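The values are calculated or read from the model by the stated rules, or taken from the named source; none is laboratory data. Keep in mind that this is a model prediction, so the values were computed, not measured. All Cβ positions, glycine included, derive from the backbone under ideal geometry; neighbour counts span all protein chains shown. These accessible areas exclude ligands, DNA and RNA; they are computed on the full protein's heavy atoms, side chains included. Shrake-Rupley method; radii C 1.70, N 1.55, O 1.52, S 1.80 Å.
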Amino acid sequence: MLGFAVSGAQWGDEGKGKIVDMLTEHVDFVVRYQGGNNAGHTIIVNDKKYVLHSIPSGILHKNKVSLIGNGVVLDPYQLADEIEILKNQGIEISPENLKISSRANIIMEYHKAMDHAREKIKSSENKIGTTGRGIGPAYEDKVGRVGVRACDLLNKKVLKNRIELSLKEKNVLFEKLFDEKPFNADELTEKYYATGLKVKDFIVNDAEIEKMMGEGKVLFEGAQGAMLDVDFGTYPFVTSSNTLSGYAGIGAGIHSLDVKESIAVVKAYTTRVGEGPFPTWDKNEDGKIMRDKGHEYGATTARERKCGWLDLVALKYIFRVNGFTSIALTKADVLSGFKEIKVATEYEINGKVIDYFPSETELLSDVKPIYKTVKGWEEDISDIKEFEKLPEELKSYIKMIEDELKTPIEIISTGPERDATILRGKFTTF
């Protein structure tokens, strides 16, 4: 087996869906290895828009198999809705081209209720900005060993056991702390068992996954971004899973040594949605221009994204812990028209200049980014298909990023469409 991991290097929304969709043509399998339906991928093919939340992007290609890995937390009701929406858009989905690991944990109704209840009682400065999809509470149950897995949906006795165990503590919290109605274990058991029977044919075990992939090429698709990693992100304003590409093998149930290439998806500027520190956020006109030109609104929640300049301090940090082998630069077209482009190369905190990303999240609130200014370009690059034809200023911008991150930019996205892409280096013969 030969593996390629694609993951975001910033705070998510880097355009991973398009890159995965484009590379899928050259592989046999696409695996989603972490996260839940709190992260959406928007992909445009022949002017038609597809929004994916749980299903890997490979589903848009014929003769490819998509797998939802064991590292994912899955909402079976949302999955059923997503399948129907895609089918109505003409996408074929069956147990032959979509498979779910039997070890994937299930998002239950009480997880979503817990998400909302917790945010409701938090003070404004302590809000995480959760999507309310139950992702965090589902991962908590997984680690707390009281979670429901996909295989449990097919065994009513085990399913009821798991639900009762989880609700022992949660129902006390719902009633006494949150002033909410408790959940009924019998009702949930019947409901989720019925759903399990509907998705039964999609669920596969480890042996089937290993046998199925054999000597094929596998693309590992990450959700969110590295700066939202539960260990290495801006904690506690992070997601509840490991978003680094190093988790790909674990979250897919495949040996990590099989992952030969790790592709960092880097947006030509930076965005962040929800709460948490964002050192290069531009609250002025430039940030608004990026937002409007880049259509920076969440695919899952439609929330407005904060926009700002490229942050090399954060990127150098995440490249150090991630070990990327190449870069896919996205949304370079959005920067067309800026006479000057800023790039953060250092931080100033309380009068002290630093060139590293601090682990103390509280310090980031006081950061003043130190910018290097480079010349922008006026040309519309959306129709350019060859690197040599790009504006010289953009080529210089690309070279600067490569030099600073010591990693080649081998994929350049010049627009939202699948074919608005320039390939370089190893990807010209991929």
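A few remarks follow.
- Unique match (being of a type outside the set (Gly, Ala, Ser) and in contact with a Leu (Cβ under 6 Å, 6 or more places away or on another chain)) among Val51, Val30, Val72, Val45: Val30
- Single condition Lys316 does not satisfy, out of (1) of a type in the set (Lys, Arg); (2) in contact with a helix residue (DSSP H, G or I) (Cβ under 7 Å, 6 or more places away or on another chain); (3) surrounded by 20 or more Cβ atoms within 10 Å (Cβ to Cβ): (3)
- Residue among Tyr269, Tyr247 that alone is open to solvent by 40 Å² or more (accessible area, probe 1.4 Å), touching a Phe, Trp or Tyr at 6+ places or on another chain (Cβ under 8 Å), touching a residue at least 24 places away in the same chain (Cβ under 8 Å) and aromatic (Phe, Trp, Tyr): Tyr247
- Flag for Ala194 being closer than 24 Å to Leu154 by Cβ, under 20 Å from the mean Cα position of the chain (by Cα) and of a type in the set (Gly, Ala, Ser): no
- Residue among Ala344, Ala328 that alone is of a type in the set (Gly, Ala, Ser), within 22 Å of Leu423 (Cα to Cα) and open to solvent by less than 10 Å² (accessible area, probe 1.4 Å): Ala328
- Only a single item in (1) open to solvent by less than 90 Å² (accessible area, probe 1.4 Å); (2) modelled with pLDDT under 90; (3) farther than 30 Å from Leu2 by Cβ is not met by Glu417, and it is number (3).
- Candidate set: the stretch 369-400, residues that are in contact (Cβ under 8 Å) with a residue 60 or more places away in the chain and out of contact with any helix residue (DSSP H, G or I) (no Cβ under 7 Å at 6 or more places or on another chain); chosen: the one nearest to Thr330 (Cα to Cα): Ile398
- Search result, residues across the stretch 284-300 that are of a type in the set (S, T, N, Q) and surrounded by 16 or more Cβ atoms within 10 Å (Cβ to Cβ): Thr300
- Where strands (runs of 3 or more DSSP E) sit wholly within the stretch 227-318, those with at least 3 residues that are of a type in the set (A, V, I, L, M) and over 22 Å from Lys368 (Cβ atoms) occupy 259-267.
- Ile19 in contact (Cβ under 8 Å) with a residue 12 or more places away in the chain and in a strand (DSSP E or B): no
- Residues that are of a type in the set (S, T, N, Q) and assigned to a loop (DSSP other than H, G, I, E, B) were ranked within the stretch 351-366; the one that is nearest to Thr280 (Cα to Cα) is Ser365.
- Hits in the stretch 22-55 (condition: part of a loop (DSSP other than H, G, I, E, B), open to solvent by 10 Å² or more (accessible area, probe 1.4 Å) and within 19 Å of Arg303 (Cβ to Cβ)): Asn38, Ala39, Gly40, His53
- Only one of Ile409, Ile354 that is within 26 Å of the chain's Cα centre (by Cα) and open to solvent by less than 80 Å² (accessible area, probe 1.4 Å): Ile409
- Every pair of residues 6+ apart whose Cβ atoms lie under 6 Å, when the first sits in the stretch 98-123 and is closer than 30 Å to Asn63 by Cβ while the second is open to solvent by 50 Å² or more (accessible area, probe 1.4 Å): Ser102/Asn205; Arg103/Arg149; Asn105/Lys142; Asn105/Arg149
- Taking the conditions (1) within 19 Å of the chain's Cα centre (by Cα); (2) more than 28 Å from Lys426 (Cβ to Cβ) in turn, Thr280 satisfies each one other than (1).
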